[in-house]
Amino acid sequence: MYLELALLLCAMAGIGSYGYVWLDRIVYERRETAVFERRVRSGSEAAAKGEAIGEIAIPRLGVRALILEGVDEGTLRRGIGHIPGTALPNEMGNIGLAGHRDTVFRALRNIREADIILLTGVRGTTEYRVDWTSKVRPEDVSVLRRRKRAELTLVTCYPFHYVGPAPERFVVRASMVGEARAVSGRTGP
């Protein structure tokens, strides 16, 4: 009887925790979407840690998420994080984005060469095409090096079904194929 009660309480705590994280992300996304849309209208690219600086969409995989400034735990729980020191959306260079493998970036396990990724920033939406994927050690940050051409680098933990701190990182590299075009409001697949 005590074991059953303990298991029931653990299950309820797990469901409650998941529900809190899910609800927090939805509320945060709605608020930050409004902030980002105001930033688009004003043309302001300045953003504090955790604020929305753009949106990513991978139409074939049904992925759409806000891009938030920074990669701390709270930011990554709520969206995709822009890796500090890399180019911003709509800038030339290597744009580095990180996300959790068990949330939005879980779909990356099915990404393929030539898939299209749409990245929306303050100045519009830019189209990228996936060039390659790779697995690297966590300390290998060479994939984030500054580049002169417009590239997008997505990073998440690997393997996708691993429990605990993952031993590797899954990397997606894409190159720009379409110039930024103006946006009005939100994008999405």
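Look at R129 and say whether it is part of a helix (DSSP H, G or I), without any contact (Cβ under 8 Å) to a residue 60 or more places away in the chain and more than 10 Å from the chain's Cα centre (by Cα).
no
What number of residues in region 73-88 are under 18 Å from V143 (Cβ atoms) and in contact with a strand residue (DSSP E or B) (Cβ under 6 Å, 6 or more places away or on another chain)?
Residues that pass the stated criteria total 6.
Looking only at region 150-189, count how many residues are outside any strand (DSSP E or B) and either in contact with a His (Cβ under 6 Å, 6 or more places away or on another chain) or at pLDDT below 70 (or both).
The initial filter retains those residues of region 150-189 that are outside any strand (DSSP E or B), namely 150, 159-167, 182-189.
Right, trim to either in contact with a His (Cβ under 6 Å, 6 or more places away or on another chain) or at pLDDT below 70 (or both) and you get 182-189.
The number of residues fulfilling the criteria is 8.
Considering region 100-114 alone, what residues qualify as being surrounded by fewer than 18 Cβ atoms within 10 Å (Cβ to Cβ) and in a loop (DSSP other than H, G, I, E, B)?
H100, D102, R112, E113, A114
Among the residues of region 40-47, is there at least one that is small (G, A, S), at pLDDT 70 or above and surrounded by 11 or more Cβ atoms within 10 Å (Cβ to Cβ)?
For region 40-47, residues small (G, A, S), at pLDDT 70 or above and surrounded by 11 or more Cβ atoms within 10 Å (Cβ to Cβ): present.
One line per residue, one yes/no per condition, for (1) aromatic (F, W, Y); (2) surrounded by fewer than 18 Cβ atoms within 10 Å (Cβ to Cβ); (3) in a strand (DSSP E or B):
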{"residue": "T86", "(1), (2), (3)": "no, no, no"}
{"residue": "G96", "(1), (2), (3)": "no, no, yes"}
{"residue": "T125", "(1), (2), (3)": "no, no, yes"}
{"residue": "K135", "(1), (2), (3)": "no, yes, yes"}
{"residue": "E139", "(1), (2), (3)": "no, yes, no"}
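For region 55-84, which positions are among the small types (G, A, S), within 20 Å of E32 (Cβ to Cβ) and assigned to a loop (DSSP other than H, G, I, E, B)?
Across region 55-84, the qualifying residues are G70, G79.
Among the residues of region 65-90, write down those that are among the acidic types (D, E) and touching a residue at least 12 places away in the same chain (Cβ under 8 Å). If you could, list the steps in order and put the result at the bottom.
Applying the first criterion (among the acidic types (D, E)) to region 65-90 yields 69, 72-73.
Across region 65-90, the qualifying residues are E69, D72.
Mind listing whichever residues of region 91-115 are within 14 Å of S175 (Cβ to Cβ), out of contact with any helix residue (DSSP H, G or I) (no Cβ under 6 Å at 6 or more places or on another chain) and in contact (Cβ under 8 Å) with a residue 40 or more places away in the chain? Show your work before the answer.
Step one: of region 91-115, the residues within 14 Å of S175 (Cβ to Cβ) are 92-95, 113-115.
Subsequent filtering for residues that are out of contact with any helix residue (DSSP H, G or I) (no Cβ under 6 Å at 6 or more places or on another chain) retains 92-95, 113-114.
Answer for region 91-115, where residues must be within 14 Å of S175 (Cβ to Cβ), out of contact with any helix residue (DSSP H, G or I) (no Cβ under 6 Å at 6 or more places or on another chain) and in contact (Cβ under 8 Å) with a residue 40 or more places away in the chain: M92, G93, N94, I95.
Tell me which of these L108 doesn't satisfy, since it passes every other one: (1) under 12 Å from L154 (Cα atoms); (2) within 8 Å of the chain's Cα centre (by Cα); (3) not acidic (D, E).
If we test L108 against (1) under 12 Å from L154 (Cα atoms); (2) within 8 Å of the chain's Cα centre (by Cα); (3) not acidic (D, E), just (2) comes out false.
Touching a strand residue (DSSP E or B) at 6+ places or on another chain (Cβ under 9 Å), at pLDDT 95 or above and among the polar types (S, T, N, Q) - does that describe any residue in region 112-124?
no
The values are calculated or read from the model by the stated rules, or taken from the named source; none is laboratory data. As the structure is a computational prediction, the values presented were derived from the model and not from experiment. Ideal geometry is used to build each Cβ from the backbone, glycine not excepted, and the neighbour counts take in all protein chains shown.
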